[in-house]
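Structure first, commentary second.
The values are calculated or read from the model by the stated rules, or taken from the named source; none is laboratory data. Here the structure is a predicted model, which means the values were calculated and not measured. Cβ placement follows ideal geometry from the backbone for every residue including glycine, while neighbour counts extend to all protein chains displayed.
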Amino acid sequence: MICAGIDAGSRTIKVMLIDADSLEIVGKGLADQGVEQDKLATSLFRRVLKSNGATGKDVAAIVATGYGRNAVNMADTTITEITCHAVGVHHLVPEAHTVIDIGGQDSKLVRLDGAGKVRDFAMNDRCAAGTGRFLEVTARRLGVGLDALGRLAAGSRRPAAISSMCVVFAETEITGLLACGTGREDIVAGVQAAIAARIVGMAGRSVEPPIVFTGGVAMVSGMTTALQTALGQAVTVAPEPQMTGALGAAILASKRLREATA
Amino acid sequence: MTHAPERITLEEWDVQYEKLHRAGMREPRYGGPLSRHVEDGDHRLGRLRYDNSAAALRLWNFLLTEEDRLHEARAAGNKIVGTMKDLGTVPVMAYCFDNVTAFYPDGAWWIPCVMEGSDGSLEVADSLGIDESFCPVRAMLGAFVTGAHFPIPDMLICSVGATCDDFSAIAQRLNGLGHPIFWWEIPHRRCPERDEAGVILPGGLTAPKSQVEFVESELERVKAALEELAGARLDDERLSAGIAQANRVRQYLAELRNLAFTAERCPLPALEMLIAEMLAIHFCSDRPETIAVLGELLEEVKVRANAGLGVLDAGAARIFWVNPVADLQVMNLLEDCGGRVCGTEYLFTHALDAIPQDVPPLEALARCALADPMAGSSIDRAERICADVRRFGAEAVLISRIPGASHCALEGQVISEVVAEQLDIPVLEIEVPPVTDSMSATLRTRLEALVETARCRRRTTQGIRRSG
């Protein structure tokens with residue numbers, strides 16, 4: 001049987017199918033998020049099933065996570081992304097003690113115990129300045145794609161100081177920096193450093209390694225370096241960092257199934 | 001107890017009200033269905049969930065009719081005293097006079113929430129230069145300017161010094177607007193030096209004797225001002241009697257907290273507990289009625305606890321709550337997410353501790369005032385929180401920041417670190433503005449995650465115990 005995890009995030013929906021017993025991945029997919037969250041999730045779910053030669057009858061349990069989790073009607077239950085990312089990361093990197101997840105509209109830091117259980121967590125809750133949204137705004141303002149940010153940042157000699165705590169005002173700052181002739185590479189490096197600094201602030205004084213980086217922002221080149229510099233520690237990007245929450249949800253679906261049938 | 005305990009909506013309360021009436025419920029003169037308060041503009045009530053007992057109805061009606069009581073007191077010729085910032089000391093004195101009615105203008109901070117911003121009090125504060133970079137207690141300024149809520153007091157008394165910076169600024173602005181304030185000073189509490197005599201304060205804290213003497217002298221000035229206003233003397237005998245009555249309130253609350261936070265099933269929702277606890281600091285402008293309201297609530301909770309009945313699932317995660325919330329709905333939200341409140345620290349623990357009755361009464365009040373969590377260090381506060389977390393068996397700590405409140409920016413991390421170090425339980429900080437509707441989804445995620453974490457750790461601990 002198959003167990004499914006659906007991560008209905010703020011920017012994208014992710015579906016992960018795993019074998020209920022072996023926990024091996026049997027299918028996965030990703031689509032942009034939209035207004036009709038349930039419809040989009042259902043559509044993606046069916047597409048992933050079909051592309052893997054499965055039908056709804058093969059699915060024994062579904063767990064939804066992410067901001068839109070309560071809108072996914074087909075799910076048997078919902079579990080927060082904090083727990084799901086922890087489970088997903090522990091499955092992939094069992095020795096991990098810290099998860100940094102930076103998504104489209106929030107960022108979180110999850111501390112794990114030796115068994116991969118959540119010990120504690122913190123989330124940004126003031127604005128989008130520590131999230132992927134900041135990078136999107138920056139890329140748009142600089143007229144480049146997200147994939148170009150890392151390359152630009154790598155060429156920075158003197159990262160710009162971004163002082164604002166708010167994305168809207170930061171955009172104004174970027175405009176000002178451009179007007180002053182600051183190079184795009186220094187602006188990008190400054191923005192990435194500002195995001196990393198907010199993560200460090202959220203983490204408090206202790207970040208226990210190994211540190212695993214997840215979420216869509218983990219795929220933006222340059223961010224891992226910025227985080228490593230800010231934390232003063234090595235940071236590992238999770239395999240397929242966008243899918244970790246969905247993977248954790250699928251594993252938890254499998255666990256629930258086992259408990260229900262035990 | 002006439003019905004199985006549960007949390008119900010305002011609409012359901014209308015039905016419940018009829019049922020209770022048919023069952024012979026007797027109400028005080030301020031009684032009536034809860035929904036009538038919505039017609040007065042308290043729109044938020046329509047979104048809350050309430051305890052379904054007659055005792056809870058009385059508590060809510062008592063709270064929501066305070067403005068009426070104040071206007072009646074004014075009409076009856078009583079002197080109205082606004083006791084500001086000080087939490088639970090000056091009201092004890094004020095209620096020793098037959099012709100003085102005290103109230104807590106700071107309580108206006110809930111007006112923007114309860115009226116869902118329709119009162120405009122925050123906008124008035126904005127226009128006076130006290131904008132959202134200050135604590136929502138700035139709504140008090142708007143309430144004074146519009147005069148739409150409480151009667152303008154005959155006297156305003158406010159503590160200053162080691163209190164809240166925001167409140168001091170707001171009160172100074174109020175003073176400048178033509179509302180004279182009688183200021184009294186509270187020093188930053190410190191431990192006695194080696195060569196200094198120390199005094200034990202409520203809650204087990206210590207302070208130098210010289211600080212207690214200083215606060216006592218300040219309270220002596222307050223007493224003299226109140227005597228002049230009331231036209232009567234306040235001798236030690238009368239003050240001691242007032243302290244004894246205040247201690248009855250505190251004793252009821254101590255029992256209520258102990259039962260509500262330790263019973264196997266939660267016998268009273270967090271929202272009603274919050275309101276009950278707030279009565280300790282201001283008596284809702286009627287001390288004898290406060291005692292009666294709390295007495296009835298305590299009886300209800302005793303019956304429920306003894307019968308093993310509760311308003312939430314037995315497996316609810318046990319959460320210790322730090323700081324009061326500007327939006328009352330968030331208390332409901334924690335319970336909707338599977339949590340229950342097991343312990344609180346709403347910045348006035350000193351008003352819940354018994355006032356000493358074995359020392360001269362003014363000294364007793366001085367000791368009480370110096371035990372104010374805000375008068376001491378954040379470490380002191382964190383230590384008290386840890387002690388109460390252990391006492392009530394909480395599994396996680398939730399710190400709700402008050403936006404703009406300067407103390408919140410500083411103390412959250414200190415409390416988190418001390419709790420993590422001493423107890424190794426999860427701590428979550430959230431920020432709660434007066435109306436949280438637009439951010440309820442993000443708040444829900446945080447609260448659900450805290451509940452999941454606490455429950456997961458509980459299972460792990462139980463597993464370890466079993467295997468051990």
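General remarks:
Conditions tested, residue by residue: (1) surrounded by fewer than 21 Cβ atoms within 10 Å (Cβ to Cβ); (2) at negative phi; (3) modelled with pLDDT of 95 or more; (4) not assigned by TED's automatic domain parsing to the domain that holds B:L226.
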{"position": "B:E335", "(1), (2), (3), (4)": "no, yes, yes, yes"}
{"position": "B:G339", "(1), (2), (3), (4)": "no, yes, yes, yes"}
{"position": "B:P360", "(1), (2), (3), (4)": "yes, yes, yes, yes"}
{"position": "B:L365", "(1), (2), (3), (4)": "no, yes, yes, yes"}
{"position": "B:C386", "(1), (2), (3), (4)": "yes, yes, yes, yes"}
{"position": "B:S406", "(1), (2), (3), (4)": "yes, yes, no, yes"}
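- Single match in B:S159, B:S127, B:S118 (criterion: farther than 23 Å from B:D68 by Cα and either of a type in the set (D, E) or surrounded by fewer than 18 Cβ atoms within 10 Å (Cβ to Cβ) (or both)): B:S127
- The condition of being crowded, with 23+ Cβ neighbours inside 10 Å and β-branched (V, I, T) holds for only one of A:V235, A:V200, that being A:V235.
- Output for the stretch B:390-408, where each listed residue is part of a helix (DSSP H, G or I) and either of a type in the set (F, W, Y) or within 11 Å of chain A (Cβ to nearest Cβ) (or both): B:F392
- Condition met for A:I79 (touching a helix residue (DSSP H, G or I) at 6+ places or on another chain (Cβ under 8 Å), touching a residue at least 60 places away in the same chain (Cβ under 8 Å), among the β-branched types (V, I, T) and within 13 Å of chain B (Cβ to nearest Cβ)): yes
- Scanning the stretch B:216-229 for residues that are within 27 Å of the chain's Cα centre (by Cα), closer than 18 Å to B:P180 by Cβ and aliphatic (A, V, I, L, M) yields B:V222, B:A225, B:L226.
- Total residues in the stretch A:45-68, condition closer than 30 Å to A:N124 by Cβ and modelled with pLDDT of 95 or more: 5
- Counting only residues that are at positive phi, surrounded by fewer than 24 Cβ atoms within 10 Å (Cβ to Cβ) and either assigned to a helix (DSSP H, G or I) or among the β-branched types (V, I, T) (or both), the stretch B:278-326 holds 1 of them.
- Members of the stretch A:199-245 found to be in contact with an Asp or Glu (Cβ under 8 Å, 6 or more places away or on another chain), within 14 Å of chain B (Cβ to nearest Cβ) and not in a helix (DSSP H, G or I), listed by number: A:G204, A:R205
- Of the helices (runs of 4 or more DSSP H) entirely within the stretch B:153-267, those holding at least 2 residues that are among the basic types (K, R), closer than 21 Å to B:A351 by Cβ and in contact (Cβ under 8 Å) with a residue 40 or more places away in the chain occupy B:236-262.
- Answer residue from the stretch B:437-457, given it is surrounded by 18 or more Cβ atoms within 10 Å (Cβ to Cβ) and among the small types (G, A, S) and is farthest from the other protein chains (Cβ to nearest Cβ) among those: B:A454
- Any hit, the stretch B:108-116, residues being farther than 24 Å from B:L352 by Cα and part of a loop (DSSP other than H, G, I, E, B): yes
- Residue in the stretch A:158-174 that is in the same structural domain as A:D120 (by TED's automatic domain parsing), surrounded by 18 or more Cβ atoms within 10 Å (Cβ to Cβ), over 22 Å from A:V110 (Cα atoms) and acidic (D, E) present: yes
- Residues that are touching a strand residue (DSSP E or B) at 6+ places or on another chain (Cβ under 6 Å) and either of a type in the set (A, V, I, L, M) or more than 19 Å from A:H91 (Cβ to Cβ) (or both) within the stretch A:9-28 comprise A:T12, A:I13, A:V15, A:M16, A:L17, A:I18, A:A20, A:I25, A:V26, listed in sequence order.
- Selection within the stretch A:29-66 - in a helix (DSSP H, G or I) and either polar (S, T, N, Q) or crowded, with 20+ Cβ neighbours inside 10 Å (or both): A:Q37, A:L40, A:A41, A:T42, A:S43, A:L44, A:F45, A:V48, A:L49, A:S51
- In the set (1) among the aliphatic types (A, V, I, L, M); (2) farther than 17 Å from A:T77 by Cα; (3) in a strand (DSSP E or B), the condition left unmet by A:M16 is number (2).
- Evaluated against (1) surrounded by 20 or more Cβ atoms within 10 Å (Cβ to Cβ); (2) at pLDDT 90 or above; (3) in contact with a Phe, Trp or Tyr (Cβ under 6 Å, 6 or more places away or on another chain), B:D166 falls short on exactly one condition, (2).
- Filtered residue count, the stretch A:87-121, keeping only those that are within 11 Å of another protein chain (Cβ to nearest Cβ), within 12 Å of A:G215 (Cα to Cα) and crowded, with 23+ Cβ neighbours inside 10 Å: 2
- Taken over the stretch B:36-51, the criterion of being at pLDDT 95 or above and surrounded by fewer than 23 Cβ atoms within 10 Å (Cβ to Cβ) is satisfied by B:L48, B:R49.
- Residue count for the stretch A:122-144, restricted to those that are more than 14 Å from chain B (Cβ to nearest Cβ) and either under 16 Å from A:D101 (Cβ atoms) or within 19 Å of the chain's Cα centre (by Cα) (or both): 8
- Cβ separations smaller than 9 Å between residues 6+ apart or across chains give the following pairs from the stretch B:10-25 residues that are assigned by TED's automatic domain parsing to the domain that holds B:H37 and part of a loop (DSSP other than H, G, I, E, B) to residues that are surrounded by 12 or more Cβ atoms within 10 Å (Cβ to Cβ) and among the β-branched types (V, I, T): B:A23/B:T2; B:G24/B:T2; B:M25/B:T2.
- Residue check, B:I275 under 13 Å from B:L59 (Cβ atoms) and in a helix (DSSP H, G or I): yes
- Failed item in (1) under 23 Å from B:N323 (Cβ atoms); (2) part of a strand (DSSP E or B), with B:M140 passing the rest: (2)
- Scanning the stretch B:79-102 for residues that are over 19 Å from B:A241 (Cβ atoms) and assigned to a loop (DSSP other than H, G, I, E, B) yields B:K85, B:D86, B:L87.
Per-residue answers, yes or no, for (1) touching a helix residue (DSSP H, G or I) at 6+ places or on another chain (Cβ under 7 Å); (2) at the interface with another protein chain (Cβ under 10 Å from one of its Cβ atoms); (3) among the acidic types (D, E); (4) farther than 27 Å from B:T163 by Cβ:
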residue	(1), (2), (3), (4)
B:I385	yes, no, no, no
B:E411	yes, no, yes, no
B:I425	yes, yes, no, yes
B:V435	yes, no, no, no
